[in-house]
Amino acid sequence: MGEIKKVGVLGCGLMGSGIAQIAAQAGFETIVREVSDEFIEKGKTRIAKTLDRAVAKGKFESADRDATLERLRFTTSVKDLADRHMVIEAVTEDLDMKNALWKELDGLCEPETIFASNTSSLTIAAMAAATARADRFVGLHFFNPVPIMKLVEVVRTVTTSPKTFERAMAFAKSLGKVPIAAKDNSGFIVNLLLVPYLLDAIRQLEHGIGSVEDIDKGMVLGTGHPMGPFTLLDFVGIDTTYYIAEIMFNEYREARYAPPPLLKRMMLAGLHGKKAGKGFYDYGADPPTVTDLGL
């Protein structure tokens, strides 16, 4: 297996654009594929703003920003990823959608190309089985915001070869991240522990144990968390949390992973958190105020 020099990223949303940015920052020639020019422009804008903020704060030289942008290319064609040494997928948590892309890429990419998924809740085995390179398939689960968060869960499934796993660990380190090894179970390490905590906070709110503000303050001041569960839920996304919980509940059939009724109601009502302007908090105010959820 040769050295990884060319990286492909599937998806240019919040996670995909962050992954593409740090790959380009680390010196990798990076191509990002999205389904439309509209989504590409949004991703480009997000990356440019993030880099500009880093330069303004003195964390990044303007020359490094320009070099990073020069190493980034964008496309709407999956075929443009055919020559990549590693392809990282960061699209919607929809197994059929992901596997359709993997099957297409499996027929396009060189046999040595490593496939990696940024899934946060699906198993890697469920995607590797859709390809003829299950031994060259791993999970690379980054955390939001990708340019800032240091952790990457490197997930080895039952078919991943030791060499592929070693290369994935080394690649994560080359991005300036701290990789940890995780088994291929839904949720891996972090979400396996975090999701039940977030869902339980919603259940306690439903039971009237405490208010949104007081539960958040309690966990920040009482346990040293950087933010309370409801602030974190709004940051992650109410819809994203709901979909992850659904996947994990279907995997484990344990009540602690079942989405509470309030979470589903908020998801259906479009109260998706900070990105939507309103979730457990209303971000139309400064500072944000607690949303009246009719509890």
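Selection of the stretch 70-90 for residues being closer than 16 Å to residue 16 by Cβ and either of a type in the set (A, V, I, L, M, F, W, C) or outside the structural domain of residue 114 (by TED's automatic domain parsing) (or both) yields 72, 74, 78, 81, 86, 87, 88, 90. Looking across the stretch 51-64, the residues that are within 23 Å of the chain's Cα centre (by Cα) and crowded, with 16+ Cβ neighbours inside 10 Å come down to 51, 54.
Tell me, please, whether a residue that is touching a strand residue (DSSP E or B) at 6+ places or on another chain (Cβ under 8 Å) and hydrophobic (A, V, I, L, M, F, W, C) can be found in the stretch 48-69. No, the stretch 48-69 has no match at all.
Please go through (1) under 27 Å from residue 46 (Cβ atoms); (2) modelled with pLDDT of 95 or more; (3) over 24 Å from the mean Cα position of the chain (by Cα) for residue 273 and return the number of the only condition it doesn't satisfy. Going through (1) under 27 Å from residue 46 (Cβ atoms); (2) modelled with pLDDT of 95 or more; (3) over 24 Å from the mean Cα position of the chain (by Cα) one by one, residue 273 breaks only (3). If I filter the stretch 135-155 for residues that are touching a Pro at 6+ places or on another chain (Cβ under 9 Å), closer than 26 Å to residue 244 by Cα, crowded, with 19+ Cβ neighbours inside 10 Å and of a type in the set (Asp, Glu), do I get at least one hit? Yes - at least one qualifying residue is present in the stretch 135-155. Out of all the residues in the stretch 25-41, which are touching a strand residue (DSSP E or B) at 6+ places or on another chain (Cβ under 6 Å) and within 11 Å of residue 5 (Cβ to Cβ)? Within the stretch 25-41, 28, 29, 30 qualify. Selection of helices (runs of 4 or more DSSP H) fully inside the stretch 226-275 by the criterion of at least 2 residues being within 26 Å of residue 126 (Cα to Cα) and of a type in the set (Ser, Thr, Tyr) returns 238-252. Of the listed requirements (1) in a loop (DSSP other than H, G, I, E, B); (2) touching a helix residue (DSSP H, G or I) at 6+ places or on another chain (Cβ under 7 Å); (3) on the phi < 0 side of the Ramachandran plot, residue 138 misses just one: (1).
Rundown of residues vs (1) in contact (Cβ under 8 Å) with a residue 60 or more places away in the chain; (2) closer than 20 Å to residue 177 by Cα, yes/no style:
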| site | (1), (2) |
| --- | --- |
| 6 | yes, yes |
| 48 | no, no |
| 52 | no, no |
| 77 | no, no |
| 91 | yes, no |
| 98 | no, no |
| 108 | no, no |
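The condition (being surrounded by 18 or more Cβ atoms within 10 Å (Cβ to Cβ) and either of a type outside the set (D, E, K, R) or more than 26 Å from residue 148 (Cβ to Cβ) (or both)) is satisfied by just one residue among 48, 26, 90: 90.
Scanning the stretch 179-218 for residues that are among the polar types (S, T, N, Q), buried (at least 19 other Cβ atoms within 10 Å of the Cβ) and part of a loop (DSSP other than H, G, I, E, B) gives a single hit, 186.
Considering the stretch 229-256, and only residues there that are among the small types (Gly, Ala, Ser) and in contact (Cβ under 8 Å) with a residue 24 or more places away in the chain, the residue that is surrounded by the most Cβ atoms within 10 Å (Cβ to Cβ) turns out to be 245.
The values are calculated or read from the model by the stated rules, or taken from the named source; none is laboratory data. The structure displayed is predicted, hence computed values, not measured ones. Ideal geometry is used to build each Cβ from the backbone, glycine not excepted, and the neighbour counts take in all protein chains shown.
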